[in-house]
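Below is one structure; the comments refer to it alone.
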Amino acid sequence: MASELWQKLRLVIVQSTEVELPIDAKRSPFNIGLDLDLPPFRAGQVESLARCYELYLSADKIEQLMELVAGHPYLVQLAFYCLAQEKLTWEELMQNAATDAGIYHKHLQRLLGNLNAHPDLAAAYQQVVQATEPVNLERHLAFKLRGMGLANLQENAVTPSCQLYRQYFLH
């Protein structure tokens, strides 16, 4: 019986990375396996998650949140958690999101610290958030910004991954 139970055991090791900065891949115990990029939530998924938090948001509010965070799962979840806990109102969320007074301040400050530690990335990202069109960057910079979650790649051009990041990093 115990043998049958052990045969049903499946082990999955997950490593979440945000920053693709220089790492010696030969020394990492996680240099095997398959890389999976999880897509952002779609509007319907955001609406379903809101209902799980017993939040019944209008289609306009779902659209506003999608425009702000582009379906980023952590950012959506944090917004719904804070709204459900009545830590803030919808208006406060939207007004303060991209400021150091908003609910995303720790996340944004951590990203800012990572950029400041790498001036070449910070300069490249400033070009991206200031531009109204996708920006062509050196390939290694584009991949690092994408790996940090700050940018989307459209062929060889880079755009901010969401309006929250554009708004915060423009200041």
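The values are calculated or read from the model by the stated rules, or taken from the named source; none is laboratory data. Keep in mind the model is a prediction, meaning the values are calculated, not measured. We place every Cβ from the backbone using ideal geometry, glycine too, and count neighbours over all the protein chains shown.
Remarks
- Hits in region 38-52 - residues which are buried (at least 16 other Cβ atoms within 10 Å of the Cβ) and either of a type in the set (Asp, Glu) or part of a loop (DSSP other than H, G, I, E, B) (or both): PRO40, PHE41, GLU47
- Check on ARG166, modelled with pLDDT of 95 or more, farther than 24 Å from GLU63 by Cα and either under 19 Å from the mean Cα position of the chain (by Cα) or assigned to a loop (DSSP other than H, G, I, E, B) (or both): no
- Counted residues, region 121-163 - those being surrounded by fewer than 14 Cβ atoms within 10 Å (Cβ to Cβ) and in a strand (DSSP E or B): 2
- Looking only at region 102-138, and only at residues there that are of a type outside the set (A, V, I, L, M, F, W, C) and in contact (Cβ under 8 Å) with a residue 60 or more places away in the chain, the one that is farthest from CYS162 (Cα to Cα): HIS118
- VAL76 being in contact (Cβ under 8 Å) with a residue 40 or more places away in the chain and crowded, with 17+ Cβ neighbours inside 10 Å: no
- Residue in region 90-97 that is assigned to a helix (DSSP H, G or I), out of contact with any helix residue (DSSP H, G or I) (no Cβ under 8 Å at 6 or more places or on another chain) and surrounded by 15 or more Cβ atoms within 10 Å (Cβ to Cβ) present: yes
- Residue in region 113-120 that is surrounded by 19 or more Cβ atoms within 10 Å (Cβ to Cβ) and over 23 Å from ALA50 (Cα atoms) present: yes
- Against the list (1) within 15 Å of PHE169 (Cβ to Cβ); (2) modelled with pLDDT of 95 or more, the condition ALA84 fails is (1).
- Every condition in (1) out of contact with any Leu (no Cβ under 6 Å at 6 or more places or on another chain); (2) under 15 Å from PRO40 (Cβ atoms) holds for HIS105 except the one numbered (2).
- Filter pass, ALA123 being modelled with pLDDT of 95 or more and over 13 Å from the mean Cα position of the chain (by Cα): yes
- Criterion violated by TYR81 - all others in (1) surrounded by 12 or more Cβ atoms within 10 Å (Cβ to Cβ); (2) hydroxyl-bearing (Ser, Thr, Tyr); (3) not assigned by TED's automatic domain parsing to the domain that holds TYR56 satisfied: (3)
- Some residue of region 126-146 being assigned by TED's automatic domain parsing to the domain that holds PHE169, touching a strand residue (DSSP E or B) at 6+ places or on another chain (Cβ under 7 Å) and of a type in the set (Lys, Arg): yes
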